[in-house]
Structure formats: C-alpha cells, structure tokens
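Step one of this worksheet: look at the structure below.
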Number of protein chains: 2
Amino acid sequence: MGKRKAGHGFSEAPEDFLVVRPGFRLADLDTAATAGFAAGKSEGEAMLTQRDPHLADLQERLFAEGKGGGSRSILLILQAMDTAGKGGMISHVVGAVDVQGVQLAAFKSPTDEEKKHDFLWRVEKQLPGPGMLGCFDRSHYEDVLIHRVHGWADADELERRYSAIQDFEAHLHASGTEIIKVMLHISKEEQGRRLTARLDDPTKYWKYNPGDLSERRLWDSYMEAYQIAIERTSAPYAPWYVVPADNKWYARLVVQELLVAALERMDPQWPAPAFDIEEQRKLLAAS
Amino acid sequence: MGKRKAGHGFSEAPEDFLVVRPGFRLADLDTAATAGFAAGKSEGEAMLTQRDPHLADLQERLFAEGKGGGSRSILLILQAMDTAGKGGMISHVVGAVDVQGVQLAAFKSPTDEEKKHDFLWRVEKQLPGPGMLGCFDRSHYEDVLIHRVHGWADADELERRYSAIQDFEAHLHASGTEIIKVMLHISKEEQGRRLTARLDDPTKYWKYNPGDLSERRLWDSYMEAYQIAIERTSAPYAPWYVVPADNKWYARLVVQELLVAALERMDPQWPAPAFDIEEQRKLLAAS
C-alpha cells in the first residue's frame, strides 16, 4: 500500500501511517493527534466537503459495476467507545455518497433469536451486496470486546472467536469485499466532555444513556480488550486503522481518505453495454 | 391540509395543488408544469440545497422521537415509469437527511419465495421502524400496475388488491405512519429523450435495460392502470400526489416540500430525558 500518493490535503497517506503494524501499542497513541494534516479544523472541514464528490463518484462506479455483474463491495467496520463519533462518521462521511449504494447495519445487543446462533450468524446477514458500500456501526468485534470485559466469554471461547473472525474476514475478502476496520480512538477525558455536553443540551438528551457510565468505568479493561482484538485480527486482507478521534473533523477526513484510497485501488469501471447500442437506438426510435 | 402556509419558494403549497382529488384525470396533467414556482431551474436547484438542512433537522427530531419511545414514522412511496427520476429523487432529496434515519426498499421482480405469499407480505417486512423515514422505490402498487397491464391478475383479483391496499394503508396510518404516495409523471417523449441519453453516455449504459422498451410500448395501458390505481387508493390517510417530472429540479423541490410539510404537521419533539440530569452529572463527574 506504500506506493499510493498521499491523499488530498495530507502530507502522507493516512492508510500508511495509521494502519496497525506488528508491535502496535494502543496506549502509546495520541487521541488528539492530527498527524499528516498541517492545516486546522476549518480547512479540514472545507476539505471534507470538497472531497465528497470524488468519493461519491468512486462509489457510483462501484455500484454500477455491481449492477453490471461485478461482485466486489466495500465494508467499513466502525468500532469505538461511546461518543467517539461513529454516528457522525456515518452521517457526514458515508452519508455523502448515494444512499442507494449504502448498506448500513447497527449491531445492538443481540436479540433472543440471535443469541441462539453463533456470533457471526447475524453479521453474515448484513454483509454488503455486490457494488455496495457496507458500513457496520459496531460489529462482530463486540463479541471479543464487551464479552471479554464482562467475562461473558472465557479465554478458550475468546481464542475461538479471534480465529473465527480471521477465517471469516479472509473468506469475505477472497470473495471480493474490501474490508476497512476502524477504531475511532478518543481519550477518557474527551468522552467525559462529550457526555457532559449531552447533559447540557436538550436536543441531545436522547443520545445520553445512563448505562454508558458503567462501561466508562471499565475504560482500562476496554483498552486492553481493543489492544488484544486488534493485534489478533490485523491482517493484510483486513487491516485495522486506529484513528485519533478527539478531533471529529480529523477523524472524518481520515476515514473519508481511507474509503477513497480503497476505492481508488479497486478502480471500479463503468460496465460495458450488455446490448447492441445501434440496435437499441433503432428500436427506441420506433417505439 | 389547506391551512398550511405555502412552502419555501412556492406561491402555494404543493400538497394542496398536487394532491389527487375526486374527478382527477391523469391524461389532463402537464408533465412539464412547474406550477406554483415562479423561478426557474437554477433558482430551483439552489432552493433545494438551501432547504436541505430544514428537512434534515425535522427528520432528526423524528428519529430522536423514535429513540425516545415514539412510534411514528414516515413512508414515501415512489412510483413512476422508467427514467422518471425515482433514483435521483432518492439520492438528492431523501439522501439529504441522515442516512441512519432512512430505510430504503427497492421492490424488484418478486423472488420465488415472495411469489408464494400474498403481495403485501414482502412489503410489510420493509415498513419503516419508529422514527424512520421509509422510502419505497416501487411498491405494492406494481401489483395493480404491471399486473393489470400484462393481465397477470384478472379483474376480480385486481379489485381484491385495491381493497387490500386500502385496508393495509389505513391500518398503517392508524399505527403512526404518515404515508406520502408520489407518482413522478413524465411524458412518453421525455422518456424517449432520457433513454436516448443513456445510449449516448458510457457512464449511463448500466442504467439502460433493453426490457424497458417493451414496457414503453405499453405506455397508454400503464397510464390507464395508474389512473385507476390512483383513483381507487387515494385517501385522506394516504394521499396520492401526481408530480410533473419532466423537469427533475421541479419534481425534487416538490417532493422535498411534501416531506417537509408532512414532518411539520407531525411536529416531532426532542424527547424529555428518561433520567435525572443532576444525578447523572454527579455520577459522570465521579466516573
């Protein structure tokens, strides 16, 4: 991946410097970083909007390729602590492409039916179809994160799940899905500020869930679970990116760029016509 | 509905002058009309963009209401002849709100499994959840349109379906879903121009389907089927709007306004907090 030019506005391609490599240590990363991007918030926000049409064009090509019989797709997996900005990422970055080409799935607590099946069962059903940009708001990673933190799965079961995830993602990639896994990484202090902001704004009360506080108290355990899950499931076919997310504008710009880079590598093409153009012109003129 | 102020840029509210009333005759309507909107295309397009944030704000309130326990939702049903602009409507109007609040369903030819069930079976499964903006790209109306045109359903069966649709939509409305039914109305000549344009542009070949020509030859039968279906299923709880669609910008502006009007009538409110704010502040400070 190192040969690609740096993205729009970046001095270096985010996929190169944010991808998780051997030896990675989550605890060492700065959640407030804006690495690779010299300008500030207002330039960043302007850049995001300027870049939307390019992402939308690439996505439309992928969508068209799917309609034309292609089987490729993209899957963006978003994981994060509460308030880290998954929702805003979806509305501002993913939401900039044609909604008809987007397949969103938000994974909440599993239903009774889902609990009866293996943890990947509900995930399989939400995989993006041909030509689609799939986006997971949480995912099968919850089964090695919250389950580890709360001890709902023991060590053996967690091992089984890491392996199952590796196999699942390898097959998914082999069948034509480009996988981008993102952890939006905020500090505990930043989460505190964002939760406070929700309590200060009547238009945001609905986003506040008292239950989030009990997870917040387990912050360190979560960071440990993320460290291990990311280590165990980083692969060339399904890379993890840990994106500093204290600055929402920066995180959005990075994820937009990760999507653009993946789509540029895929280089989807407008399908050739599956009909004789001159013949259709004549039939149309006579109709 | 007559008491609402005319929408942004309109001299009269589109829902008032485009709603189907007794005595309506599809054949008399001008597909190129831009009624109620004095300005032209460039002003219309600028207006659409200016109005997006208002629609998005209303939609977010509805979404929040749904998260807060509310059961209301909106369902936009789009019907049209090929090339009339359903796709563009979805990407440019529906696509302007938060993608997380949108539930899209495109109804293609039914699958073998779907054919084994009554025609409303697959539709029920795609109804918008609480707080959602549902959008149907085609719908159960195909079962009284293409089925009538091709004689796949006889007169008795069509009668049964009109009644079934009435009951279905009445119950849907009673359970909290605001229904907006839109026929995007283009002329046969305009369809000819748009099909030709698809044959002239390699980035549009994938949108061209030779099979569309056979339906085009049945234009008059389709118009008759629309006339009858619209007559039989127009109701105060599920009104039909026939939107002149030769001018895409106008049709989009109108449908945006229909959505805005419906949402303003619904007047969704930010949910009250389901927790004690001061208590949460203290718990948060201590966490």
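The values are calculated or read from the model by the stated rules, or taken from the named source; none is laboratory data. Note that the structure is a prediction, hence the values are computed from the model and not measured. Glycine also receives a Cβ, built like all others from the backbone with ideal geometry; neighbour counts cover every protein chain displayed. Each accessible area value is taken on the protein alone, full model and side chains, heavy atoms only, with ligands, DNA and RNA left out. Shrake-Rupley method; radii C 1.70, N 1.55, O 1.52, S 1.80 Å.
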_Given the criteria surrounded by fewer than 15 Cβ atoms within 10 Å (Cβ to Cβ) and without any contact (Cβ under 8 Å) to a residue 40 or more places away in the chain, does residue B:282 qualify?_
yes
*Long-range neighbours under 8 Å by Cβ, at least six apart or interchain, first residue within 13 Å of residue B:259 (Cβ to Cβ) within the range B:46-66, second in a helix (DSSP H, G or I) and open to solvent by 60 Å² or more (accessible area, probe 1.4 Å)*: B:48/B:92; B:58/B:264
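Is it the case that residue A:270 is more than 13 Å from the chain's Cα centre (by Cα), assigned to a helix (DSSP H, G or I) and not aliphatic (A, V, I, L, M)? Before you say what the answer is, go through the steps one by one.
On the way: more than 13 Å from the chain's Cα centre (by Cα): yes; assigned to a helix (DSSP H, G or I): no; not aliphatic (A, V, I, L, M): yes.
For residue A:270, the condition - more than 13 Å from the chain's Cα centre (by Cα), assigned to a helix (DSSP H, G or I) and not aliphatic (A, V, I, L, M) - is not met.
Rundown of residues vs (1) in contact with a strand residue (DSSP E or B) (Cβ under 6 Å, 6 or more places away or on another chain); (2) within 14 Å of chain A (Cβ to nearest Cβ); (3) at pLDDT 95 or above, yes/no style:
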site	(1), (2), (3)
B:183	yes, no, yes
B:196	no, yes, yes
B:199	no, yes, yes
B:222	no, yes, yes
B:228	no, no, yes
B:278	no, yes, yes
B:283	no, yes, yes
_Among the residues in the range A:239-249, are any among the aromatic types (Phe, Trp, Tyr), touching a Leu at 6+ places or on another chain (Cβ under 9 Å), more than 11 Å from chain B (Cβ to nearest Cβ) and in a loop (DSSP other than H, G, I, E, B)?_
no
*Within the range B:177-217, count every residue that is hydrophobic (A, V, I, L, M, F, W, C) and not in a helix (DSSP H, G or I).*
6
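Just to check your reading of the model, which residue among B:12, B:45 is in a helix (DSSP H, G or I) and either on the phi < 0 side of the Ramachandran plot or hydrophobic (A, V, I, L, M, F, W, C) (or both)? Working first, answer last.
On the way: B:12 fails: in a helix (DSSP H, G or I).
Exactly one residue qualifies, and that residue is B:45.
With B:203, B:233 as the choices, which residue is open to solvent by less than 30 Å² (accessible area, probe 1.4 Å) and more than 30 Å from residue A:188 (Cα to Cα)? Steps first, please.
Numbers: B:203 fails: open to solvent by less than 30 Å² (accessible area, probe 1.4 Å).
Of B:203, B:233, the one residue that is open to solvent by less than 30 Å² (accessible area, probe 1.4 Å) and more than 30 Å from residue A:188 (Cα to Cα) is B:233.
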*asked:* Just checking: which of the helices (runs of 4 or more DSSP H) contained wholly in the range B:60-148 hold 2 or more residues that are at the interface with chain A (Cβ under 10 Å from one of its Cβ atoms) and either acidic (Asp, Glu) or open to solvent by less than 30 Å² (accessible area, probe 1.4 Å) (or both)?
replied: B:86-92
